Amino acid sequence: MRSCFISLLAGLLLPALAHAHSIQLASPLPAVQVSEQGELQLQSGQTRYQGWDSQQLPGKVRVIQHIAGRSHAKELNAPLIEAIKAAKLPHDRYQTTTIVNLDDALFGTGGFVVSSVEKSKAEFPWSSFVLDEQGVVRKAWDLQEESSAIVVLDKDGKVRFVKDGALSPEEIATVMTLLHSQL
């Protein structure tokens, strides 16, 4: 009976534990470049894209939000994004970088996702938005599909917090405390 319970428990837990990201605390993010699409830039009201490289992240305290190009993935960590907006963190020392995995969008919705990101950039021009058409960031960082990951970087580009999936209210409070302490 006991071995059946252990087998059942292992069967339930192993799938959840089998997927672990490759991001390490107190280290820089694994290097990755997005050359197709890339970082959205606004110039004189026009949008354009340029290549993005994770090596350019040091210099500011950052929250990196990596999300699948699906509305439910965006909603997973929306409470954290709302807390960040409400905190009115100084743009000269803090930046949110949102990386949208277009390779993980529902078929036929890519145009809507791009339009939504462009509207967000117009509303929050100090934030960084990256469109990853091939899903290279998710693959390089070994993140879950159809999800949202949050990474906090200090000004030196070292990881101070990471979670792949929805943050709990306690984790949101931890992230906000961490951001304030890093600024």
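Test GLY111 against the criterion of being under 23 Å from LEU42 (Cβ atoms) and either out of contact with any His (no Cβ under 7 Å at 6 or more places or on another chain) or at pLDDT 95 or above (or both), and give yes or no.
yes
Taking the options ILE81, ILE67, name whichever one is β-branched (Val, Ile, Thr) and touching a residue at least 40 places away in the same chain (Cβ under 8 Å).
Exactly one of ILE81, ILE67 is β-branched (Val, Ile, Thr) and touching a residue at least 40 places away in the same chain (Cβ under 8 Å), namely ILE67.
When segment 36-60 is examined, which residues are found to be part of a strand (DSSP E or B) and among the polar types (S, T, N, Q)?
Across segment 36-60, the qualifying residues are GLN37, GLN41, GLN43, GLN46, THR47, GLN50.
Take the conditions among the small types (Gly, Ala, Ser), without any contact (Cβ under 8 Å) to a residue 24 or more places away in the chain and in a helix (DSSP H, G or I) and apply them to ALA73. Does it pass?
For ALA73, the condition - among the small types (Gly, Ala, Ser), without any contact (Cβ under 8 Å) to a residue 24 or more places away in the chain and in a helix (DSSP H, G or I) - is not met.
Could we say that VAL63 is assigned to a strand (DSSP E or B), over 19 Å from ASP156 (Cβ atoms) and modelled with pLDDT of 95 or more here?
In short, no.
Which count do you get for residues in segment 40-80 that are of a type in the set (Val, Ile, Thr), surrounded by fewer than 19 Cβ atoms within 10 Å (Cβ to Cβ) and closer than 27 Å to THR174 by Cβ?
0
Scan LEU25, LEU13 and give me the residue that is exposed (fewer than 13 other Cβ atoms within 10 Å of the Cβ), under 22 Å from LYS163 (Cβ atoms) and modelled with pLDDT under 85.
Step by step, each of LEU25, LEU13 is checked, and only LEU13 is exposed (fewer than 13 other Cβ atoms within 10 Å of the Cβ), under 22 Å from LYS163 (Cβ atoms) and modelled with pLDDT under 85.
Does LEU102 meet the test of being touching a residue at least 60 places away in the same chain (Cβ under 8 Å), in contact with a helix residue (DSSP H, G or I) (Cβ under 8 Å, 6 or more places away or on another chain) and not basic (Lys, Arg)?
So LEU102 passes the test.
Output the residues belonging to segment 76-90 that are part of a helix (DSSP H, G or I) and of a type outside the set (Val, Ile, Thr).
Listed by number, the residues that qualify are LEU76, ALA78, PRO79, LEU80, GLU82, ALA83, LYS85, ALA86, ALA87.
Cβ-Cβ under 7 Å, sequence separation 6+ or interchain: first residue in segment 115-140 and within 13 Å of ALA68 (Cα to Cα), partner of a type in the set (Ser, Thr, Tyr) and surrounded by fewer than 16 Cβ atoms within 10 Å (Cβ to Cβ). Which pairs?
From segment 115-140, no pairs qualify.
The values are calculated or read from the model by the stated rules, or taken from the named source; none is laboratory data. Nothing here was measured: the structure is a model prediction, and the numbers come from that model. We place every Cβ from the backbone using ideal geometry, glycine too, and count neighbours over all the protein chains shown.
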